[in-house]
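Read-outs: derived from the displayed coordinates by stated rules, not from any lab. Predicted model, so just to flag it, every value in this text is computed and none were measured. Cβ: placed from backbone, ideal geometry, glycine included. Neighbour counts: every protein chain shown.
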Amino acid sequence: MKDLGTEQSFVKFDRVQKSYDGENLVVKDLNLDMPKGEFLTMLGPSGSGKTTCLMMLAGFETATHGEILLDGKPINNIPPHKRGIGMVFQNYALFPHMTVAENLAFPLEVRKLDKSVREEKVKRALDMVQMGAFGGRRPAQLSGGQQQRVALARALVFEPELVLMDEPLGALDKQLREHMQFEITRLAHSLGITTVYVTHDQTEALTMSDRVAVFEDGRIQQLAPPDTLYEEPDNSFVAQFIGENNTLEGVVTQMKGPDLCEVKLDGGEVIDAKPVNVSNVGDRTRVSIRPERVEMNSERLQEGAHTLKAEVLEFIYMGDIFRTRLRVAGNEEFVVKTRNAPDQAKLKPGTQLEIGWLPSDCRALDA
Amino acid sequence: MSDTTPSGPMLAADGTPLKISLSRALRRQKIRALALIAPLLLFVVITFVIPIVSMLFRSVENQIVSHTMPEATAALAAWDSAATEPPGEEVFQALYFDLFRAAEAKEHTKLGTRLNYEQTGTSSLFRTSGRNLDDVGEEWQDPIEDIAPAFEDGETWFAMLSGEGGNRILEQRRRLWSEMVDEPFAGDVGLTLSSEVAAFLPLTAAAYSDWAIFEALEEGRDIATRDPWEAVYAGLGLDLRNAETVAAINAYQGPHAEDLQLLTANLDQLPDLMFRDAFAELDEDWLSPDVWRTIKIYSPDYTSGYFLNAVDMEKGADGAQMRPENQQIYLTLFMRTLWMSLLITSSCIVLGYPVAWLLANLPLRTANVLMILVLLPFWTSLLVRTSAWKVLLQQQGVINEILVWLGFVDDANRLILMNNATGTIIAMTHILLPFMILPLYSVMKTIPPSYLRAAKSLGATNWTAFWRVYFPQSVPGIGAGSILVFILAIGYYITPEIVGGTDGVFISNRIAYHISSSLNWGLAAALGTILLAVVLLLYWLYDRIVGIDNVKLGG
């Protein structure tokens with residue numbers, strides 16, 4: 001994890017804890033530094049504390065312990081309306097009794113801007129999200145995607161330096177969601193705003209963010225750019241949570257070096273793996289291999305790969321890829337993804353074959 | 001592919017027009033829906049709509065005058081109601097026969113009561129006159145029986161008037177009876193009038209028919225042997241004043257012609273009594289044009305009199321006019337009812353809004369406890385609650401005692417919180433508060449807290465966020481609560497009755513008074529109709545201004 005000095009970080013959580021009932025901590029010892037202009041996603045299952053963090057940053061919840069700093073200043077005691085943070089809510093929270101233009105003018109009105117300035121800014125913000133023609137409509141007359149754009153424009157219209165988004169795309173259908181993901185990132189980068197984005201959708205997190213903080217059990221399990229997160233998960237939770245993942249359980253039998261160890265799987269097979277958070281011989285471990293890093297065609301196996309016997313249990317045709325479920329070392333949920341290429345065989349259930357992967361793609365994580 | 005045929009409407013697969021096909025398909029559903037609501041609909045129509053409509057109908061109904069005094073009101077038509085003189089003899093004569101019948105059937109007091117609403121004193125006028133009306137007839141009965149003793153005998157009368165062909169008169173009299181007493185008077189009277197006799201003794205025949213019908217059908221007696229009542233003698237006496245009648249009698253050959261001819265031979269012994277004088281003797285008020293003016297004004301079958309009365313007006317000689325200042329009461333009461341209902345509604349909003357807000361925003365468990373407290377008044381009898389307010393509000397009551405004890409109020413100047421408008425407002429606000437809180441709560445429950453958060457995140461202070469974002473969304477709840485409370489308040493009766501004194505009573509108390517004490521149902525119905533109209537008018541206004549779509553009772 002990159003550590004930024006306080007002078008560089010725009011948003012900083014410093015040992016923040018939060019409890020609602022005085023018995024359980026919802027957020028346990030949260031430390032986070034965000035540079036200006038970063039798009040950071042808080043990803044995690046529901047109840048992992050990510051929304052609580054966002055609410056603390058917005059000012060709707062107070063931290064039980066620790067400090068939150070915005071641009072170097074502690075904001076724990078600043079009420080939400082003075083923080084100047086734009087926010088997009090899960091259900092947009094567009095005021096139903098106001099038109100779209102009135103909704104957008106609201107933050108400018110409470111800042112006592114002149115009418116002409118207001119109109120100019122509202123127009124610019126609506127144009128920015130391609131909603132210029134809808135200023136006179138009520139939110140109820142808009143589709144979900146249009147409401148989403150308006151909500152975005154409203155959070156940006158008063159030009160905040162920090163924008164928070166709380167699962168803003170949750171209510172949209174898949175196609176629209178993908179389109180809006182692109183829109184939001186484009187806007188955030190072109191305007192240079194710092195964004196904290198909360199979601200439980202890992203695809204969203206991977207495609208949009210500069211960095212992703214994976215939350216679980218009130219802690220950040222890993223804070224890293226999407227590619228690192230996917231390819232080099234720090235622990236088995238992250239490996240499981242991000243993308244599809246095959247795990248094989250076993251015991252570390254030998255440390256062959258800083259980047260190599262030997263694992264004896266529970267089925268008796270011995271494989272090499274890259275130790276991530278195992279350090280001692282005898283540690284139980286979960287070995288993690290991404291489905292697309294497994295090769296089923298023995299002719300294409302690279303140098304240094306090692307092989308295991310497998311049996312095809314199921315073959316699923318998914319269009320662009322094939323998804324083959326195998327029994328490997330006693331694990332019946334072992335999945336291999338292959339590209340739909342002309343030379344890729346469509347395997348029948350019951351087929352016995354050899355599969356293989358590089359030890360460097362195979363990470364020995366905590367059990 | 002288009003579903004329309006080039007010419008004509010859209011057709012279903014079997015060639016019937018689609019509309020018919022659709023309505024046929026939906027018919028079963030409609031019938032089932034109707035069957036489900038039918039029991040309630042019938043119940044409401046029979047026990048609620050019909051009685052209320054008939055009750056409201058009383059506000060214009062006025063048939064009692066023309067039904068009780070059919071001939072007098074007809075004769076009165078010729079009289080100029082602006083005159084300073086009472087009407088002429090023919091009216092008094094008709095009045096005699098009408099009133100005689102009415103007195104026998106004891107209907108004259110009802111008419112007196114009805115006219116007393118318009119002109120005080122009429123009730124006793126009719127009562128005393130009806131009691132002493134027999135004396136007038138005896139003025140004729142005695143000399144007739146002296147001249148021709150056969151008329152002492154009921155059989156003489158029966159034989160004299162019996163004959164054939166005269167039953168048209170009998171049926172006509174029967175109809176008058178049934179209109180006056182509101183009974184069918186069906187059945188055989190046992191009399192066939194002689195058309196020959198009826199032709200030259202019209203008044204006698206009419207009076208005898210009246211008697212015969214009443215005696216036979218109401219009293220169940222044998223008319224052939226009984227003496228008729230005094231009005232028949234008066235009728236005969238009046239008939240004999242007619243020279244043509246005298247001539248006809250002298251030429252007459254039928255039964256008891258000799259007895260009638262005895263009378264014509266001794267006409268000088270019959271009284272030359274005028275009914276006008278006779279009534280003047282009974283009660284001087286009969287000579288007052290005011291009494292006759294009232295009767296004439298209220299002689300049509302339908303009247304706007306009750307409605308005029310209900311807005312402090314009266315019918316004068318030249319149309320409607322305001323009542324004298326000291327008799328005006330209903331306009332004040334209507335205005336007070338409206339004003340106090342508005343006041344109660346606004347205090348319910350002021351007191352209920354924060355409670356509803358708390359209810360909608362507290363954690364469920366706490367909100368439930370609070371909700372029980374709000375609903376608690378619903379589980380107590382209205383009478384008990386109002387009586388409790390009586391205990392609290394009186395001058396020696398709990399509130400005054402505490403204020404005196406705390407030193408806020410001097411013992412000598414205890415607050416008068418009851419038997420005035422203050423008492424009504426306090427007690428009714430408390431009683432109607434749940435009707436404000438519940439709709440408010442159910443509307444507020446649907447406003448997600450994220451709106452307030454959004455407003456604050458956009459830079460609004462707590463107050464701005466509330467006023468600009470939360471409050472406008474809770475307005476439908478205020479609207480629903482206000483309509484409920486206002487409409488309930490405007491018709492409230494028990495609470496103003498108990499704690500209202502004289503300054504704090506509503507129009508409904510006056511309606512109740514007229515229904516149960518003064519028995520002026522027509523006026524009560526008129527007041528009720530006006531109240532209903534005012535409520536509907538306000539509802540319409542509300543719809544125009546706020547829009548009834550903006551009223552939400554929940555969800």
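With θ taken as phi - 60° and the coefficients 6.51, -1.76 and 1.60, list the Karplus ³J(HN,Hα) couplings across region A:147-160 in order, rounded to whole Hz; mark glycine and proline as x.
Ordered by residue, 3J(HN,Hα) equals 4, 4, 5, 5, 4, 5, 4, 5, 6, 9, 5, 8, 6, x Hz.
So what is the relative contact order of chain B, in percent, for Cα pairs below 8 Å that sit 6 or more residues apart?
Here the relative contact order equals 15 percent.
Loop only per DSSP, at most 14 neighbouring Cβ atoms within 10 Å: give me the trypsin sites (Lys or Arg not before Pro) in region A:95-190, ordered by residue number.
The qualifying sites are A:R111, A:K112.
What FRET efficiency comes out for A:I316 versus A:E292 if R0 is 22 angstrom and r is the Cβ-Cβ distance? Round to the nearest 0.05.
Calculated value: 0.90.
Tell me which GluC sites (Glu not before Pro) from region B:186-244 have a DSSP coil assignment and no more than 15 other beta carbons within 10 Å of their own.
Counting only loop positions with at most 15 other Cβ atoms within 10 Å, the GluC sites (Glu not before Pro) in region B:186-244 are B:E219.
How high is the relative contact order of chain A, in percent, counting Cα pairs under 8 Å that sit 6 or more residues apart?
Computed over chain A, the figure is 15 percent.
Taking the 0 to 90 degree range and rounding to the nearest ten, how far is the long axis of helix A:100-110 tilted relative to the main principal axis of chain A, both from C-alpha atoms?
70
Calculate the mean, over all residues of peptide A:57-66, of how many other protein chain Cβ atoms lie within 10 angstrom of the residue's Cβ.
1
Under 8 Å for C-alpha pairs, at least 6 residues apart: give me the relative contact order for region B:330-550, rounded to a whole percent.
Relative contact order for region B:330-550 comes out at 27 percent.
Near the amide H of A:E216, under 5 Å away, which other amide H atoms are found, from residues 5 or more places off or on another chain, if H is placed in the peptide plane?
It is A:Q221, by chain and number.
Along region B:183-195, what does the Karplus equation 6.51 cos²θ - 1.76 cosθ + 1.60 (θ = phi - 60°) give for ³J(HN,Hα), rounded to whole Hz, x for Gly and Pro?
10, x, 6, 8, x, 8, 7, x, 9, 10, 5, 7, 5
How big is the equivalent ellipsoid of region B:1-156 along its three axes, where each semi-axis is √(5λ) from the Cα gyration tensor, reported in whole Å from largest to smallest?
Listed largest to smallest, the semi-axes of region B:1-156 are 67, 20, 19 Å.
Once amide H atoms are placed 1.01 Å from N in the peptide plane, what residues at a sequence separation of 5 or more from B:G316, or on another chain, have their amide H within under 5 Å of its amide H?
Those lying under 5 Å, H to H, from B:G316 are B:Q321.
Under 5 Å between amide hydrogens, which residues at least 5 positions from A:F334 or on another chain qualify, with H placed 1.01 Å from N in the peptide plane?
Sorted by chain and number, the residues that satisfy this are A:L326, A:V328.
Kindly express, to the nearest 10 degrees and within the range 0 to 90, the angle between helix B:521-545's C-alpha long axis and the longest C-alpha principal axis of chain B.
It works out to around 30 degrees.
Tell me the net charge near A:L30. Cut-off is 14 Å between Cβ atoms, A:L30 excluded, with +1 for each Lys or Arg and -1 for each Asp or Glu.
Within the 14 Å Cβ shell, the charges total -1.
Could you work out how much longer the chain between B:N368 and B:L406 gets when fully extended? Use 0.36 nm per residue separation minus the Cα distance between them, nm to one decimal.
The span from B:N368 to B:L406 would gain 10.2 nm if fully extended.
So what are the ³J(HN,Hα) numbers for region A:43-59, from phi and the Karplus equation (6.51, -1.76, 1.60; θ = phi - 60°), rounded to whole Hz, Gly and Pro as x?
Per-residue couplings from phi come out as 10, x, x, 5, x, 8, x, 5, 5, 4, 4, 5, 5, 5, 5, 6, x Hz.
Could you pull out the longest piece of chain A with no exposed loop GluC sites (Glu not before Pro) in it, calling a site exposed if DSSP puts it outside H, G, I, E, B and it has at most 13 other Cβ atoms within 10 Å?
A:24-243
Which one, B:Q141, B:F185, B:G112, is farthest towards the positive end of the dipole of region B:112-191 when Lys and Arg carry +1 and Asp and Glu -1 on their Cβ?
B:G112
Under the √(5λ) rule applied to the eigenvalues of the Cα gyration tensor, what semi-axes describe the equivalent ellipsoid of region B:330-550? Give them in Å, descending.
In descending order the semi-axes read 34, 25, 15 Å.
With label points built 7 Å along Cα→Cβ from the Cα atoms of B:A83 and B:V350, find their separation and express it in nm.
6.3
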